[in-house]
Amino acid sequence: MRFEINNDQMRSFQNEGYLHLSNVLTPSQLSAWNDYATHLEIENTKSDEPFYPNAAVFGDRNKKLMRQNDLHGINTELTLDLLSSPFWLAIAREFFGEGAIPLQMDMFYKREGRQYEVMWHRDVLYMKANRFINVGVYLDDSNAGDGCFRYVPNSHKEYSNKNTSNWMEITAKAGDVIIHDMRLLHSSPEKQTSGARKTIYIEMSSVRDVLLEGHNSTNWTEARSRWMGLILQRALNDHWHSSWEGGYPLILSDPTIEFAKLVESSEEPIPASYI
Ligand SMILES: O=C(O)CCC(=O)C(=O)O
C-alpha cells in the first residue's frame, strides 16, 4: 500500500521542526532489525576490539555497544529493505522530490547511565540549503521520563537560541518514526530503566541542498545518488515518481560492492553544533 504524508503533516513539520509517524515498520521489519541489533551487540562486544568498523563500545569488562555507524556498509539487504519501504519513499517524495538522497545510516543504543546522556546540540546548522532531516526509526518503546528525545520548540528557526528551559519530550513506540529538522536543538537525558532503546538514524537531504550547502564534494554526493539508485531499483514504482528514473544512476554492480565503496569514500560530515 502507498504511504501518504499529507499537507497538514508537512505544515506541522515546518512549524514544529519534527513529525511523528506512528506504527510505520511492519512486524517482520521490526523483528528482523531487533535480531540484527542483538547480533551487532554480541559481535562487537565479545572481543577486545569491536568486530564491525565504526562501532562505539563502552566499558572494559562489561562491554556495551553504544553506536553502530555506517549500517549500510555492513548489512546491504536490511538497509535496502528498509529504505525501499513505502514510508521511507514517501518521506523522500514529500520532503525533497527528485534528487532526494540518504546521507548516512547509524544505530544508536540509548542505555541507562550518565555516559549515554546526549547533550544539547543541532545535528547540522545548515545556512544555505533548504532542508536536511534525520529520520529516527524506533526499534523499542521510548517512554515518558526515560531518556526520550527532547527538543526546544522553534529552535529550528531561531539558530542563536541556546535557552533550553522550555524543552519538550517526544515519546514513541517500537515501530514509530520521528523525523526532525537537523537544525532542531535536541538532546536526551539519562535513561532511568535498564535495557537499550535502539533507534536507527537515517540522515537525508537532496543533491541540490548538499551542493548548495557546499560542505561535501560532488563525488560524495554522487555516491549517495548511486545509493538512491539502488533503493529505487529495489522499490515498487508506484511509491515514487517514475519520472525520477532518469535522475539517478542505474546500478548494475553488486549492491554490497557499491556500499563498500560508499563507506570507503567517506568525508567529514558537517559538524554537529553543541551548546
Ligand atoms: O535518540 C536520542 O536519544 C538522540 C540521539 C542523538 O541526538 C544523537 O545521537 O545525536
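No value in this document is a laboratory result; all are computed from the given coordinates. Predicted model only: the values in this text are computed from it and were never measured. So basically every Cβ, Gly included, is an ideal-geometry build from the backbone, and we count neighbours across all protein chains shown.
Quick notes on this one:
- Distance-filtered residues of region 101-122 - backbone nitrogen under 16 Å, label point 7 angstrom along Ser273 Cα→Cβ: 120-122
- Dimensions (Å) - region 184-275, Cα atoms, principal axes, largest first: 48, 31, 27
- When the alpha carbon coordinates of region 139-229 are projected onto the principal axes, the ranges are 44, 32, 17 Å, largest first.
- GNM flexibility winner over the chain from Asp140, Asp60, Asp238 (Cα, springs under 10 Å): Asp60
- Residue of Ile74, Ile91, Ile257 that the Gaussian network model of the chain assigns the largest fluctuation, springs spanning Cα pairs under 10 Å: Ile257
- On full extension, the segment bounded by Ser265 and Arg67 gains 69.2 nm, given 0.36 nm per residue less the C-alpha separation.
- For region 7-274, fraction of C-alpha pairs farther apart than 24 Å, in %: 49
- A straight Cα-to-Cα reach below 25 Å connects Lys110 with the lysines Lys46, Lys63, Lys64, Lys162, Lys173, Lys191, Lys198, residues fewer than 8 places away in its own chain not being considered.
- Scoring 108-114, 250-256, 82-88, 200-206 by mean Cβ neighbours within 10 Å over their residues and listing the highest first yields 200-206, 82-88, 108-114, 250-256.
- If the chain linking Thr26 and Met119 were pulled fully straight, counting 0.36 nm for each residue of separation and taking away their Cα-Cα distance, it would gain 30.3 nm.
- Distance from the Cα centroid of region 2-71 to that of region 211-262 is 22 Å (rounded to whole angstrom).
- Using alpha carbons only: equivalent-ellipsoid semi-axes of region 42-158, gyration tensor based, whole Å: 28, 21, 14
- The chain: most fluctuating residue of Asn62, Asn216, Asn154 per GNM, C-alpha cutoff 10 Å: Asn62
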